[in-house]
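Q: Sharing a structure, written as structure tokens. Questions coming.
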Amino acid sequence: MDSTWGRNRGPKRITPADDRANRADDAIADIHLTSHCRTTVPFYFRLNDWSESLRRVAAPILSCVPSRSTDSASPRESHLALDIRVKSRLFAAALSVLPIQAGAANLLAEKAWNHGSADCANANNPAIEILEVDAASYILRQDKCVHVEAPFIYVLFGETSVFVQDTGATADPGRFPLYDTVQALIARRGGKQPRILVTHSHNHGDHTAADAQFRGKPGVTLIEPNAAAMRAYFGFSDWPAGQALIDLGGRTLTVIPTPGHQDDGIAIYDAQTDWLLTGDSLYPGRLTIKNWNEYRSSIARLAQFASANPISAVLGTHIEMSRTGQLYPPGSRFQPDEANLALTGEDLSILNASLQAAGTKPKEIVLARAVVAPIGATQRVLGGILKSLGVR
Ligand SMILES: [Zn+2]
Ligand SMILES: [Zn+2]
């Protein structure tokens, strides 16, 4: 097909206020596709049914293409028409403006991460595994044979800045070249060198170890991993009340305080992917809770936020359980059949309801996709010692 297809403008940048209003009727973007026959089609994405959205936009475009037809009254046939045309420029154009949630959800749902080895001495997985969810959104995982915590790291590009959440569990750039990896992603993306903003989901050593790789480098803003630096940077004057925004240039992140697992925890919401990054506050595994009531409040705060904003995935920073909900033994360097990293808004809602039902007295809560484990005074002391040693 030799038609030329294009957008007469890119995805409309949506402010949080617009976003909420638009999402009231499930529309999250109005994009116009212009075909060679000058048909301009408003393109409204639906959050939970992108194929239906695609059908609605594709039908009038297809109808102006000679020798092609589509029955816009039949979703099935229209969908087939799109499938047939999967290699056409039309579909490429349509794909390029698909809501990120569609592709991201599939990638995240299907992704099986490297999960360590029974023989780390002879394993040769890369120190950092990279998942390119889209050209501007990456999830990295430190290999379990490099460090048993195997934390996840998030790298999100805006037009002027790239956001890096956490720096992993190993300081040595020879064993864990995180800074170089981020620079490689920047180079891969091309264009003007963005500023690099490094923040932490919280200030445990398995999320801050490679800070020194970034500290003092040109174009890098590193929020030092302590309460004073973090609160001052984001302007939290009444911690843990309030929220802050991070402007990456055309991409805005919302910062939500989440103390409980650790005093300086924050969650990040990305309105471009609809990801809620929850750090160690929620992931598929054993959630150790230092301050029970702060944690309950934090999860309630997140659940409230999630009820008012679309959530495509709840993404934490570890995997510690199998797909069948079995926790791996602490210190496991080999985790076959891992649970999926991506949790859902429903998982968050279930956690919140369980915590509220549990009341103010700490108790273990076993859920299908996470286990809440309040830590006692002895463990807190031990944790403090490990932290001072940079272990945890
Ligand atoms: Zn932690
Ligand atoms: Zn951690």
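Q: Which of the residues that make up the stretch 192-243 are β-branched (Val, Ile, Thr) and more than 16 Å from ligand 2 (Cβ to nearest atom)?
A: Ile196, Val198, Val220, Thr221, Ile223
Q: For the stretch 302-320: of the residues being closer than 15 Å to Ile153 by Cα and out of contact with any helix residue (DSSP H, G or I) (no Cβ under 7 Å at 6 or more places or on another chain), which is surrounded by the fewest Cβ atoms within 10 Å (Cβ to Cβ)?
A: The selected residue is His318.
Q: Shifting gears a bit: Tell me which of these Asp264 doesn't satisfy, since it passes every other one: (1) free of Cβ contacts under 8 Å to residues at least 40 places away in the same chain; (2) assigned to a loop (DSSP other than H, G, I, E, B).
A: (1)
Q: Something else about it: Evaluate the following for Gln262: is it among the polar types (S, T, N, Q) and within 16 Å of ligand 2 (Cβ to nearest atom)?
A: yes
Q: Could I ask something else about it? Please specify each residue of the stretch 195-223 satisfying the condition of being buried (at least 16 other Cβ atoms within 10 Å of the Cβ), assigned to a loop (DSSP other than H, G, I, E, B) and out of contact with any Phe, Trp or Tyr (no Cβ under 7 Å at 6 or more places or on another chain).
A: Passing the criteria: His200, Ser201, His202, Asn203, His204, Thr208, Ala209.
Q: So, one more: Trp292: away from ligand 1 (no atom under 14 Å from the Cβ), crowded, with 23+ Cβ neighbours inside 10 Å and in the same structural domain as Ala368 (by TED's automatic domain parsing), yes or no?
A: no
Q: Which of (1) at pLDDT 95 or above; (2) away from ligand 1 (no atom under 13 Å from the Cβ); (3) within 30 Å of Asp119 (Cα to Cα); (4) surrounded by fewer than 23 Cβ atoms within 10 Å (Cβ to Cβ) is the odd one out, the single condition Arg286 does not satisfy?
A: (2)
Q: Continuing with the same structure: Would you check which residues across the stretch 152-191 are away from ligand 2 (no atom under 14 Å from the Cβ), over 13 Å from Val220 (Cα atoms) and in contact with a Phe, Trp or Tyr (Cβ under 7 Å, 6 or more places away or on another chain) and list them?
A: Val155, Leu156, Pro173, Leu185, Arg189
The values are calculated or read from the model by the stated rules, or taken from the named source; none is laboratory data. Just so it is clear, the model here is predicted, and its values are computed rather than measured. Methodologically, a virtual Cβ is constructed for each residue, glycine included, from the backbone with ideal geometry; neighbour enumeration extends over all protein chains shown.
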